Amino acid sequence: MSPESSKRFRVSAYNFGFLDEGSKREIRRSTLKAVAIPGYQVPFASRELPIGKGWGTGGMQLSLSLAGSRDTIKVIDQGHDDSVNAVSIRHLIQSCTQVEMTRDSQAASLIQSRHRIPEIPLRKDQILILQVPQPDPLKKVESHEKKVKQLHADKDYKGMWLHLYEDISQWGDISISADYPSTAHERYLFAPSPLPRWDVPKLNHSEALCLLGAGREKKIYAIPPHTQVTPLAFDDVPFTTENFGKASCKNCGADNVYLDEFIDDETGQKTYSCSDTGYCHQRMAERRIQ
Amino acid sequence: MKGDQAFDLVHDSQLIYREMLEAVSRPGTISNIKTVLTKLPDSPVNPGLIGMALTILDGETSFAVVPEFSKLSSYIQQKTGSRVETLDQADYILMHDLSLVPSFSEVIETIKKGTLIDPHDSATLLIQVKSFSATNGAPYILSGPGIASESQVPIEGLPENWEKTRQRANKEFPLGIDFFFVSQAAEILSIPRTTRIRKA
Amino acid sequence: MGYVTVTGGQTAIEEAEKLLHHYRTGQSSHPLHPETIEKQMRLLVDRIMGEGGLYAPDHASLALKQAEGDPAEAAFLLRAYRSTLSRNFYTKTVDPGEMRLIRRISSTFKDIPGGQVLGPTYDYTHRLLNFSLREETEEDFSEFLEAVDIDSEQVEQTPSFKKVTELLKAENLLADSEMEQEQEPVDITREKPAFPLSRSARLQSLARGETGAMSALAYSAVRGHGKVHPTIGELRVGYADIEIEYPGRENESLYIGETMLTEVETVNSFTETINNQAGGLNLGYGLVFGHNELKAISMAVLEHSLATEGEAPVHDEEFVLLHIDSVDSSGFISHMKMPHYVTFQAQLNRLRKFQEEEGGKPEDESRKQ
C-alpha cells in the first residue's frame, strides 16, 4: 500500500459499515417496505458516502446496511470484478466491514453490481444489489417528480405506452436498449437499473431477492423473489433481447452470454469476450482442469 | 441472565434485519432470531419482539403498543427514542399479547394503510404469537410475490378470522399493511400486503 | 479478512493515489497547515461549511487541504464525514435577531435604527492585485494588529439591533404570510421530503446549495427569467449562540458554542404577490453558515421566486432545488467518466438491428422472451 492510502482510512474512526446506526436503520426500514411493495420506489434520506453520487451510492448504502460478518460479497461493474470502479467499491466495503470478498458469483451472499446480472442464475440464499442512476422510467415522459408520483398512483402509464408506440412508428421497433421499462407484480412500472435487455428476463421469478438503490435520487425499490416482471411490449412487437449472432467469447468459447466487443489491435478484426468476467474465468479454469 | 452477552446494537441488529428481510422476501418462511433470547434480560415482554423493535425503531419513527402497556412503551421509548403515537398515526404497531386485545379488527381498521401517492406511509405490525408449530397452529396457505407457488404455515395464537380482517385492510393494493410475527421461541415470519392467504 | 488478489485495477488506483499525493505536495517544502487555511481562507472555509452542511471550521480547513482547494471536493468530504456522525441532539431555535453583528446594511432605508455597519466587506475595496502581499511577514501581521487595535472585547460587545423588517411589520407594510405558521421543521438529511416541499425543507435545501449554482439561478431571476427584483431590506453577518435542551432537565438550556451566520431579508414589490395574495410587501429569506453574502442574497431571491408562481425555471422548485446541490451535480456529471460499455454495447446492438432491417437484410432470429 502506498503511504497515502494506508493513512487514509482508519477503520476504528468509523462505525462498522461506515454509516451510523440511525442511517442504517432508515435504509433498512425503507428496504423492508420496498420488498412489501414490489417495484414501488420508496423514498429515503440517502447519505453521502466517500464515493461520488452517481458512482453507486445507492447500491453501497444497501450493501452497507445489509453486510454482516457472515457475508461474502462480490462487487462488479459492467460485469467486471477488476474494473477500477469495482475495485474501489470493493475496497471501501472491505475496509469498513472486514467481510469476506469474492469474485465467484456462486460463493457470494451479496452481489453488488452495476449494469449486469451474473450469467449463472442466482440462488435463494443470495441477494443482488443493483446501482441505479435514474430510478423512474416515467422521467422519459414527465420530468417532474410530483407529477410522476401521481402517474404511478393512478397506474397511468399511457405516456410510456405512447412513447413506445411513437418509437415503433419512427424506427420500426422500440429503440430503448438498456434500462427497459418493465412492470413488477403487474402493478408498478420500474427501471431495471440500466441492465441490458439481456438481463431483464432474469428478474422475472428470480430465486434471489433483488434490491435496487438510487442514492442521488434517494429511492430504494425491490423485486422480491418469485415475482412477475414483465417488459412492456406490444403483441405485434414483442420484447427481444440482444443478439450476438454466431459470436462467442474468444477466451472461454461461451456463446449464449452477453458479450463485450473489441477491435483487435493488430488485425483490426472484431472479437468478443464474456461481459461476466467471473463466469469467464471459471470456465477457463474448468477447461484447464479437463 | 447475568454473564450473557448484552444486545449489540450494531451486530445483533444486523442479524435481525437480515432475518426480517428474508422473512418479508419469502412470506411464510420461518427464520429465527433466537440469539436475542438471552441478550435482553430487562425486556418487559418476549425478547424476540423487542429485538425487532430495537432493529428498526428510532427517533425518526413512531409506534403504538396494543393493548396499552406502559412498561413496554416506556422501555421502547427509552431504548430507541421512538415516539408514542395514536393508533391511526403510528408507523409501527407492537402487539405483545393478542389475548388481551378486545377487537383485533378494530385495530386493523384504524391503523395507517398508506395513500396511493405514498403507499409506504402505512403501518407495520410486529405481533407476538405463541408458535408456528404444526401441531398447535392453524394452517394457512400463502401465495404471491416471494412464494414459488404456494407455501403452508401454521400460526398459533391468532384471533379467529384474522386473515379476513387483513384481507379487507389490503383489498386496495398498493395500500395495505405488513405483518411480522414472532413466536415465543423467537422465530419470525412475515406476511406483507401482497400475500394472498387462505385457511388450509 | 477476506483475501482478494491485487489486480491491474487495484495497482492503477494505488499508483494514481501516489501521483495525486505528489501533486498535492506541490513539491513544496512547506506543508500547508489546516489552521492557516482556517484563519486566512475564512470565506472559502465558510462556503465549504455551508455546502457541506456541517459547521466545523477545522474539518472544513482539513478538507480544503486534502482536496487541493477544490470546493466541490472539499464540500463532498465534509458531507461524507457528516454521514458517519450520529444525531445526538437537536438545537433550540436560533433567533438571528439576537446575533452579535459584525456587519449590517440595509438598501431600503438611508438610515436605520442602530445605523448601517459596514463591517468586513470587499464591496468598496478596489480590486487591484496587492503585490506587497507577496512579501507579507509575521511582523507585518503583528504590527498591523497593534496599530489598528481592534479590541476583540469591543467586537464581542457589539449590540444586536432590531431588524429592519420589524419596522415594516410595525407599520403594517408586510403582507400576511401563512408561511410563518409552520411548526416543527423537517430534516431533509433524515427523510426525503415529497414535493411540494414545506418551507422548512425548501430553506434547508437552499442553505446547502452550491454558491455558484445559486447565484446563476438568482441572476437569471432578476435579469428577466423570473418575476422578482427585490431590494435588500437587511443583510446581517454575526455570531449566533447555539443551545440545546439541558439533557434530562426540561426548560433549561445548555450553551454549546456559536456559529457565524449570514442572514438576508429581501423586500419584494407588493405587486409580486405570493400565491396571488395582495396587500403588502413580501419578504424573501436567506440564511447560510458563515460569511457568504452572495449565497445568502441568492437564497433570498430564490426562496421568494419559489413562493411565486411563474413560468421561468426559478419558479419551479424541483428544477431549482434538485440542481443546486454540489455533491449531487458534481457526482453525476463526473460519473460520466465511468465505463458504460455494457449499455453502449446494448445500444450498438439495437442500432445494428435497425440498420440491417433498413437495408432489407434478413432479420436474425433474435431471442424472444
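The values are calculated or read from the model by the stated rules, or taken from the named source; none is laboratory data. Keep in mind the model is a prediction, meaning the values are calculated, not measured. Reconstructed Cβ throughout: ideal geometry from the backbone, glycine too, with neighbour counts over all protein chains shown.
Please specify each residue of region B:26-67 satisfying the condition of being basic (Lys, Arg) and in contact (Cβ under 8 Å) with a residue 60 or more places away in the chain. Scanning region B:26-67 gives B:Arg26, B:Lys34. One residue alone among C:Gly8, C:Gly69, C:Gly97 is farther than 30 Å from A:Val99 by Cβ and either at the interface with another protein chain (Cβ under 9 Å from one of its Cβ atoms) or out of contact with any Leu (no Cβ under 9 Å at 6 or more places or on another chain) (or both), and that residue is C:Gly97. Selection over region C:324-361 of residues that are in a loop (DSSP other than H, G, I, E, B) and touching a Pro at 6+ places or on another chain (Cβ under 9 Å) gives a count of 1. Tell me, which residue of region C:310-334 that is surrounded by fewer than 20 Cβ atoms within 10 Å (Cβ to Cβ) and without any contact (Cβ under 8 Å) to a residue 40 or more places away in the chain is farthest from the other protein chains (Cβ to nearest Cβ)? Applying the filter and picking the extreme gives C:Glu311.
Does at least one position in region A:135-152 carry a residue that is at pLDDT 95 or above, within 11 Å of chain C (Cβ to nearest Cβ) and touching a Gly at 6+ places or on another chain (Cβ under 6 Å)? So far as region A:135-152 goes, no, none of its residues is at pLDDT 95 or above, within 11 Å of chain C (Cβ to nearest Cβ) and touching a Gly at 6+ places or on another chain (Cβ under 6 Å). On the stretch given as region A:84-133, residues that are without any contact (Cβ under 8 Å) to a residue 60 or more places away in the chain, at the interface with chain C (Cβ under 7 Å from one of its Cβ atoms) and more than 19 Å from C:Gly8 (Cα to Cα) total 2. Residue count for region A:158-201, restricted to those that are closer than 20 Å to A:Pro224 by Cβ, more than 11 Å from chain C (Cβ to nearest Cβ) and of a type outside the set (Asp, Glu): 10.
Just to be sure, is C:Tyr81 more than 10 Å from chain A (Cβ to nearest Cβ) and in a helix (DSSP H, G or I)? No, not satisfied. Of all residues in region A:11-45, those satisfying the criterion of being of a type outside the set (Val, Ile, Thr) and more than 7 Å from every other protein chain (Cβ to nearest Cβ) are A:Ser12, A:Ala13, A:Gly17, A:Lys24, A:Ser30, A:Ala34, A:Gly39, A:Gln41. The set of residues in region A:162-184 that are more than 24 Å from the chain's Cα centre (by Cα) and more than 27 Å from C:Leu321 (Cβ to Cβ) comprises A:Leu162, A:Tyr165, A:Glu166, A:Asp167, A:Ile168, A:Ser169, A:Gln170, A:Trp171, A:Gly172, A:Asp173.
One line per residue, one yes/no per condition, for (1) of a type in the set (Val, Ile, Thr); (2) assigned to a loop (DSSP other than H, G, I, E, B):
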{"site": "A:Cys249", "(1), (2)": "no, yes"}
{"site": "A:Cys252", "(1), (2)": "no, yes"}
{"site": "A:Asp255", "(1), (2)": "no, yes"}
{"site": "A:Phe262", "(1), (2)": "no, no"}
{"site": "A:Thr267", "(1), (2)": "yes, yes"}
{"site": "A:Ser273", "(1), (2)": "no, no"}
{"site": "A:Tyr279", "(1), (2)": "no, no"}
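Among the residues making up region A:124-153, a single one is under 16 Å from the mean Cα position of the chain (by Cα) and charged (D, E, K, R): A:Asp136.
A count restricted to region B:170-191 and to residues that are under 10 Å from the mean Cα position of the chain (by Cα), of a type outside the set (A, V, I, L, M) and within 14 Å of chain A (Cβ to nearest Cβ) stands at 4. Being at pLDDT 95 or above and over 18 Å from A:Lys24 (Cα atoms): is that true of B:Val36 here? Criteria not met by B:Val36.
Restricting the first residue to region B:141-152 and requiring it to be on the phi > 0 side of the Ramachandran plot, which pairs with a second residue that is assigned to a strand (DSSP E or B) meet a Cβ separation below 6 Å and a spacing of at least six or different chains? If the second residue must be assigned to a strand (DSSP E or B), the pairs left are B:Gly144/B:Arg196. What about A:Lys146, is it charged (D, E, K, R), under 19 Å from A:Asp71 (Cβ atoms) and touching a Pro at 6+ places or on another chain (Cβ under 8 Å)? Here the answer is no, as A:Lys146 does not meet what is asked.
The conditions of being in a loop (DSSP other than H, G, I, E, B), among the small types (Gly, Ala, Ser) and either buried (at least 19 other Cβ atoms within 10 Å of the Cβ) or more than 14 Å from chain A (Cβ to nearest Cβ) (or both) are not met by B:Ala148.
Test A:Ser65 against the criterion of being more than 13 Å from the chain's Cα centre (by Cα), part of a helix (DSSP H, G or I) and more than 8 Å from chain C (Cβ to nearest Cβ), and give yes or no. Judged against the criteria, A:Ser65 is a match. Restricting region C:51-99 to residues that are buried (at least 18 other Cβ atoms within 10 Å of the Cβ) and among the aromatic types (Phe, Trp, Tyr), the residue that is farthest from C:Gly26 (Cα to Cα) is C:Tyr55. Kindly establish whether A:Arg187 is under 13 Å from the mean Cα position of the chain (by Cα) and of a type in the set (Lys, Arg). So A:Arg187 fails the test. Picking from residues in region C:286-309 that are crowded, with 20+ Cβ neighbours inside 10 Å and out of contact with any Ser or Thr (no Cβ under 8 Å at 6 or more places or on another chain), the one that is modelled with the lowest pLDDT is C:Ala307.
C:Glu73 falls short on exactly one of the conditions (1) under 20 Å from the mean Cα position of the chain (by Cα); (2) under 30 Å from C:Ser253 (Cα atoms); (3) assigned to a helix (DSSP H, G or I), and that condition is (2). Only one of the listed residues (B:Arg166, B:Arg196) is buried (at least 21 other Cβ atoms within 10 Å of the Cβ) and of a type in the set (Lys, Arg). That residue is B:Arg166. Under the condition of being crowded, with 23+ Cβ neighbours inside 10 Å and assigned to a helix (DSSP H, G or I), the residues counted in region B:22-46 number 4.
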